[in-house]
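Contents: one structure, followed by commentary.
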Amino acid sequence: MIFGRLFWFCAGAWAGVLAKQVYDIPDLPFPGEAVEKAKELLEDMKKDSSDGEESGAARELRDAMNKLKELEQKYRKGGDK
């Protein structure tokens, strides 16, 4: 049983390495970097808004940023929540 799982894990790792070599797959940022980038984007969107109201895209971005913060806090604390 364990050898079957080990086989599929190794096959998946091999496929991931092969895909990374063949295709231009970008590296994922750390959660903290993603939150900072989202904050900067949100501030830029607020500056671009001429009427001062938050657009739908800015609202979605803010919600996504809050979810990222919650996820980061959950895993930094060891899942106490």
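The values are calculated or read from the model by the stated rules, or taken from the named source; none is laboratory data. Keep in mind it's a predicted model, so treat the numbers as computed, not measured. Note that we place each Cβ from the backbone using ideal geometry, even for glycine, and neighbour counts take in every protein chain shown.
Checking each residue of segment 31-47 against the condition of being over 21 Å from the mean Cα position of the chain (by Cα), surrounded by fewer than 10 Cβ atoms within 10 Å (Cβ to Cβ) and modelled with pLDDT under 80 gives at least one match.
Just one of the listed residues (Ser55, Ser50) is at pLDDT below 80 and surrounded by 11 or more Cβ atoms within 10 Å (Cβ to Cβ), namely Ser55. Scan segment 61-81 for residues that are modelled with pLDDT of 80 or more and of a type in the set (Asp, Glu) and jot them down. Residues satisfying the conditions are Asp63, Glu70, Glu72.
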